[in-house]
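Working notes, beginning with the structure itself.
Readers should treat all values here as calculations from the given coordinates under stated rules, not as data from a laboratory. Owing to the predicted nature of the structure, the values given are computational and were not obtained by experimental measurement. Please note: Cβ atoms are built from the backbone with ideal geometry, for glycine as well, and neighbour counts cover all protein chains shown.
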């Protein structure tokens, strides 16, 4: 991951957060485990070590099967996920406010 998202920048780049962050940034889609591993550029061993925890706490949920592959997405009905979405939104809002303030300071006021 070259470009850190606000969530990763704020809370760190642990494997669990990287997986959750990927789903937060791609909430409209569902993914197979192999697609997640490839998109995250994470080793299979690392991915599966933490995936079990995400399933245990129902952070992710299966959505459908295509052949032998099960696809997953973020479980937006889960209270933890709702709070993570709210945190992500708050971080975005704060970053936008900072950007707007910086632009105001840079832009001369016309009289």
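Please identify, among 98, 73, 49, the residue showing maximal mean-square fluctuation in a Gaussian network model of the chain using a 10 angstrom Cα cutoff.
Of the options given, 98 has the highest mean-square fluctuation.
Taking 0.36 nm per intervening residue step and subtracting the Cα-Cα distance, what contour gain separates residue 8 from residue 28 on full extension?
Residue separation times 0.36 nm, minus the Cα-Cα distance, leaves 5.2 nm.
What's the angle, to the nearest 10 degrees (0 to 90), between helix 79-106's Cα axis and the longest principal axis of the chain?
Approximately 30 degrees, to the nearest ten.
Mind checking the angle between helix 44-56 and the chain's longest principal axis? C-alpha axes, 0 to 90 degrees, to the nearest 10.
90 degrees
Using Cβ contacts closer than 10 Å as the measure, can you line up 30, 3, 25 from fewest to most?
3, 25, 30
Based on C-alpha coordinates, I'd like the Rg and Dmax of the chain, in Å.
Spelled out, the Cα radius of gyration and Dmax of the chain are 17.4, 67 Å.
For the range 53-98, what value does the Rg/Rh ratio take when both radii are computed over Cα atoms and Rh is the Kirkwood radius, given to two decimals?
Ratio value, two decimals: 1.17.
Taking neighbour counts of Cβ atoms within 10 Å as a proxy for exposure, in what order, fewest first, do 6, 36 appear?
6, 36
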